[in-house]
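As structure tokens, the structure follows; a few thoughts come after it.
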Amino acid sequence: MRDELAEQLRMLESKSLRRALKAPIANLSASHNAGRALVNFGSNDYLSLANERFIAEAAEDAVRRYGTGSAASRLIYGNHAPHTELEQAIAAWKGTEAALAFSSGYATALGTIPALMGPEDVVILDKLCHACIIDGTRLSGAVLRVFPHNNLERLESHLQWARKRAPKGRVLVVTESVFSMDGDLAPLAQIVALKERYGAWLLVDEAHAAGVFGPTGGGLAEALGLGAHIEIQMGTLSKGLGCSGGYICGAGVLIEFLINKARSLIFSTAPPPANAAAAAAAVRWMPSVEAQERRRLLWNNVAHYRALLSEFCTAHSPIVPVLVGENSQALRLSDALLFNGFLAPAIRYPTVPQKQARIRITLSAKHSEQEIARLTKFLREELQKTKAAEEP
Ligand SMILES: *Cc1c(COP(=O)(O)O)cnc(C)c1O
């Protein structure tokens with residue numbers, strides 16, 4: 001076994017595709033940056049909530065009251081008050097009849113899509129959908145159709161095809177609202193119009209929009225007033241909310257159905273009550289004046305970054321990747337950034353398509369204008385060097 005696996009790892013290495021766990025940030029600071037703190041431009045903690053005092057206190061409180069583990073699945077005796085309170089808070093925040101929390105965003109997709117779809121049905125995905133959506137669809141056994149990123153004509157032709165192939169079967173369209181590796185937005189209003197014309201259902205994964213878009217941070221659907229037209233609204237608690245877990249919200253009957261059918265919920269121990277308590281605190285905070293102010297800081301940072309790097313960047317969200325192309329170049333640039341005090345990860349295949357390796361830079365509410373100015377200055381110099389090297 002050892003030789004065989006080692007050989008495969010060497011193959012990955014030769015394509016600059018080998019991955020390794022990153023050292024803890026404190027260790028990275030010490031070894032690469034003369035002990036200075038690194039500025040983290042690689043986190044999904046857009047509102048800087050992962051270290052927020054009142055959320056940590058909610059978790060501490062719940063640990064004292066409920067201990068560290070749930071001790072059973074939600075359907076046995078692992079359902080504690082914070083789980084239910086979290087779901088009520090999510091439903092109130094998103095304005096849906098009900099919500100269901102899962103242990104992660106990944107588990108949410110893996111439980112939800114196979115619960116709803118089977119071999120008689122068709123699932124139609126945007127090409128850039130997250131791995132958990134693809135894996136959930138594969139697990140469902142449904143026929144999979146993929147449309148090029150944000151391409152409405154191809155989505156429509158898949159819908160026509162699906163209606164012919166499965167006149168009685170279900171058709172589900174899935175997209176992200178903010179794409180995780182590109183930071184661009186789905187044309188949600190047009191997608192809603194199309195799925196309604198063809199009688200399909202729509203699942204929108206708001207992983208990178210929750211907390212960030214909309215007057216109460218409800219996501220892009222909230223910002224566009226489309227929530228009521230999306231049958232299955234998905235999100236995670238692990239990004240803009242600074243906690244951990246995933247959720248589905250929608251009609252009460254959808255949630256009851258998932259409680260009966262979603263295997264990642266049924267056959268897994270409930271997340272620790274403290275996780276749920278922390279997430280509930282974050283969700284309840286979302287419509288507050290302080291949260292609005294936090295979102296304003298974040299969007300100011302996005303505008304600032306965009307203004308300073310306008311020729312390389314059209315920012316639609318706090319995800320502002322710099323496209324590099326080759327894996328080895330992306331790794332080199334990420335190392336150079338690290339050496340200069342910035343954390344920003346190289347993203348390679350299969351997370352992004354071949355030849356589209358990139359540095360995935362993400363902005364958060366607590367970056368200072370000086371930090372963003374230093375980063376963009378460094379990036380501009382690096383990108384101009386690369387451009388100059390490419391020109392004959
Ligand atoms: C991160 C992510 C997930 C998974 O969420 P986790 O809570 O990290 O498991 C799902 N969908 C998208 C689009 C994501 O970016």
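The values are calculated or read from the model by the stated rules, or taken from the named source; none is laboratory data. Source: prediction; values computed, not measured. Every residue, glycine as well, gets a Cβ built from its backbone with ideal geometry; the counts of neighbours run over all protein chains shown.
Residues of segment 153-169 that are within 30 Å of residue 213 (Cα to Cα) and surrounded by 15 or more Cβ atoms within 10 Å (Cβ to Cβ): 154, 155, 156, 158, 159. Among the residues of segment 177-198, just one is in contact (Cβ under 8 Å) with a residue 12 or more places away in the chain, away from the ligand (no atom under 15 Å from the Cβ), more than 21 Å from residue 117 (Cβ to Cβ) and aliphatic (A, V, I, L, M), namely 189.
Checked against (1) crowded, with 18+ Cβ neighbours inside 10 Å; (2) at pLDDT 95 or above, residue 182 meets all criteria but (2). Residues of segment 155-176 that are more than 11 Å from the ligand (Cβ to nearest atom) and either over 24 Å from residue 227 (Cα atoms) or among the acidic types (Asp, Glu) (or both): 156, 157, 160, 161, 162, 163, 164, 165, 166, 167, 168, 169. When segment 134-152 is filtered for residues that are surrounded by 24 or more Cβ atoms within 10 Å (Cβ to Cβ), more than 11 Å from the ligand (Cβ to nearest atom) and among the small types (Gly, Ala, Ser), only 142 remains.
Would you be able to tell me the number of residues in segment 199-211 that are without any contact (Cβ under 8 Å) to a residue 40 or more places away in the chain, more than 11 Å from the ligand (Cβ to nearest atom) and not in a strand (DSSP E or B)?
So in segment 199-211, the residues without any contact (Cβ under 8 Å) to a residue 40 or more places away in the chain come out as 199, 202, 204, 206, 210.
Cutting the leftovers down to more than 11 Å from the ligand (Cβ to nearest atom) gives us 199, 202.
Right, trim to not in a strand (DSSP E or B) and you get 199.
So the answer is 1.
Looking only at segment 78-100, residues that are among the hydrophobic types (A, V, I, L, M, F, W, C) and surrounded by fewer than 21 Cβ atoms within 10 Å (Cβ to Cβ) come to 4 in all. The listed residues are 127, 94, and the only one of them that is basic (Lys, Arg) and touching a residue at least 40 places away in the same chain (Cβ under 8 Å) turns out to be 94. Among the residues of segment 101-133, just one is surrounded by fewer than 21 Cβ atoms within 10 Å (Cβ to Cβ), more than 10 Å from the ligand (Cβ to nearest atom) and over 19 Å from residue 165 (Cα atoms), namely 127.
Among the residues of segment 136-167, those identified as touching a Leu at 6+ places or on another chain (Cβ under 7 Å) and either closer than 17 Å to residue 197 by Cα or not assigned by TED's automatic domain parsing to the domain that holds residue 118 (or both) are 152, 155, 156, 159. For first residues located in segment 234-259 and modelled with pLDDT under 95, partners that are surrounded by fewer than 20 Cβ atoms within 10 Å (Cβ to Cβ) and lie 6+ apart or on another chain with Cβ distances below 6 Å do not occur.
Are there strands (runs of 3 or more DSSP E) fully within segment 227-339 with at least 2 residues that are away from the ligand (no atom under 16 Å from the Cβ) and farther than 27 Å from residue 189 by Cβ? List them. Talk me through it step by step, then tell me what you get.
Details: elements: 232-236, 246-250, 322-325.
Answer list for segment 227-339: 322-325.
Listed here are the helices (runs of 4 or more DSSP H) enclosed by segment 82-183 that have at least 2 residues being within 20 Å of the chain's Cα centre (by Cα): 105-116, 131-140. For segment 212-226, what are the residues that are more than 16 Å from the ligand (Cβ to nearest atom) and either assigned to a loop (DSSP other than H, G, I, E, B) or modelled with pLDDT under 95 (or both)? The answer is 214, 215, 216, 217, 218, 225, 226.
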